[in-house]
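Undergrad: Attaching a single structure in structure tokens format; questions to follow.
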Amino acid sequence: MSDKEQTLEKKEKSTSCYMQNRELSWLKFNDRVLSEAQDETVPPLERLRFVTIFTTNLDEFIMVRAGSLIDQWRADPTHRDNKSGMTAREQLEAIFRELRPLYEKRDRLYYELEYILRSYGVSRLSYAELNADEQQYLETYFHESILPALAPLVIDTHHPFPYLPNKMIHIAMTLRTENEKRIFGFLPVPQALPEVIWLPAERFATSRWKMCFWNTRMWLFPPMPWKKRCRCVLRVMRISMRRMRILRWKMISAR
């Protein structure tokens, strides 16, 4: 190692002692945004708005900043940040350690605000909380307005794994018959569906994917004696297309 390289390495090590990593510093900033939702002097809907801003910020962070680190890790695993002295992999590991408690804090605040908003007549009701007339209204609404827009995807030897659009909600299902035949499928939840459904009594009923979740097994797949079934809701986060275009432009310019 040359004298110049040794000098640069010492400078990076000394700098990392008092400089924060940019990505981790941004997560702390977004945590302060979420802390605004904890202020009990703020009206409940405004507090809920801060929860929404926090989530939107974090989605953008994962698509752009974390996505850039993944690209950097693939291109040069040994490269270190000149401020914190961390490699791309070390930064990603630190980011993922910070993300879990942030999401848990967000969820706690959301359910707390949901409980508070019930006293103002704004409730997210489950299907079991509805009376018979309301359940019948939602069943009719599902058949007339939601079912025609749904397009389930099945994965087997003739149908490869489908493309999952960015930030789109999907319901993944594993279904088994009595003879142990397994069917694995996805149900994309169309973004054109309304976010909420209002009941005739002007009560807030449910989110859009919940309605699909209730009726998926019964109406979208053939009636069979299912022995076992598993379902979950997922959403894929992809690297932003803007970042991919910049990388492609740099690769072309370097030729």
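Undergrad: In this structure, does K105 turn out to be among the charged types (D, E, K, R), at pLDDT below 90 and surrounded by 11 or more Cβ atoms within 10 Å (Cβ to Cβ)?
TA: Here the answer is no, as K105 does not meet what is asked.
Undergrad: Now for a different question. So, L92, is that one modelled with pLDDT of 85 or more, touching a helix residue (DSSP H, G or I) at 6+ places or on another chain (Cβ under 7 Å) and surrounded by 13 or more Cβ atoms within 10 Å (Cβ to Cβ) or not?
TA: yes
Undergrad: Then there is this: Any residue in region 140-154 that is closer than 30 Å to L58 by Cβ, of a type in the set (A, V, I, L, M, F, W, C) and in contact with a Ser or Thr (Cβ under 9 Å, 6 or more places away or on another chain)?
TA: There is at least one residue in region 140-154 that is closer than 30 Å to L58 by Cβ, of a type in the set (A, V, I, L, M, F, W, C) and in contact with a Ser or Thr (Cβ under 9 Å, 6 or more places away or on another chain).
Undergrad: Just give me the residues in region 62-86 being touching a Ser or Thr at 6+ places or on another chain (Cβ under 7 Å) and within 19 Å of I239 (Cα to Cα), in sequence order.
TA: M63, V64, G67, P77
Undergrad: Ok, one more. Among the residues of region 98-127, how many are basic (K, R) and more than 20 Å from T55 (Cα to Cα)?
TA: Result for region 98-127: 1.
Undergrad: Out of (1) at pLDDT below 65; (2) surrounded by 10 or more Cβ atoms within 10 Å (Cβ to Cβ), what's the single condition that is false for P223?
TA: (2)
Undergrad: Okay, moving on. Search region 36-58 for residues that are under 13 Å from L117 (Cβ atoms) and pair each with any residue that is at pLDDT below 95 and not in a helix (DSSP H, G or I) when their beta-carbon atoms are under 6 Å apart and the residues are at least 6 apart or on different chains.
TA: If the second residue must be at pLDDT below 95 and not in a helix (DSSP H, G or I), no pairs are left.
Undergrad: Shifting gears a bit: Select from region 72-89 the residues that are in a loop (DSSP other than H, G, I, E, B) and of a type in the set (D, E, K, R) and write down the one among them that is nearest to M19 (Cα to Cα).
TA: The qualifying residue nearest to M19 (Cα to Cα) is K83.
Undergrad: Shifting gears a bit: What number of residues in region 162-185 are within 26 Å of M63 (Cβ to Cβ) and either assigned to a strand (DSSP E or B) or touching a residue at least 24 places away in the same chain (Cβ under 8 Å) (or both)?
TA: 10
Undergrad: As an exercise: evaluate F54 against (1) modelled with pLDDT under 90; (2) among the aromatic types (F, W, Y); (3) under 19 Å from the mean Cα position of the chain (by Cα) and give the number of the one condition it does not meet.
TA: (1)
Undergrad: Turning to a different aspect of this structure: Assuming L175 fulfils every condition listed in (1) closer than 29 Å to W73 by Cα; (2) crowded, with 16+ Cβ neighbours inside 10 Å; (3) of a type outside the set (D, E); (4) modelled with pLDDT under 85 apart from one, which condition is it?
TA: Going through the list (1) closer than 29 Å to W73 by Cα; (2) crowded, with 16+ Cβ neighbours inside 10 Å; (3) of a type outside the set (D, E); (4) modelled with pLDDT under 85, L175 breaks only (1).
Undergrad: Would you check which residues across region 118-161 are at pLDDT 80 or above, hydroxyl-bearing (S, T, Y) and part of a loop (DSSP other than H, G, I, E, B) and list them?
TA: If the condition is that a residue be at pLDDT 80 or above, hydroxyl-bearing (S, T, Y) and part of a loop (DSSP other than H, G, I, E, B), then S119, Y120 are the ones that fit.
The values are calculated or read from the model by the stated rules, or taken from the named source; none is laboratory data. None of the values given here were measured: they were computed from a predicted structure. Cβ: placed from backbone, ideal geometry, glycine included. Neighbour counts: every protein chain shown.
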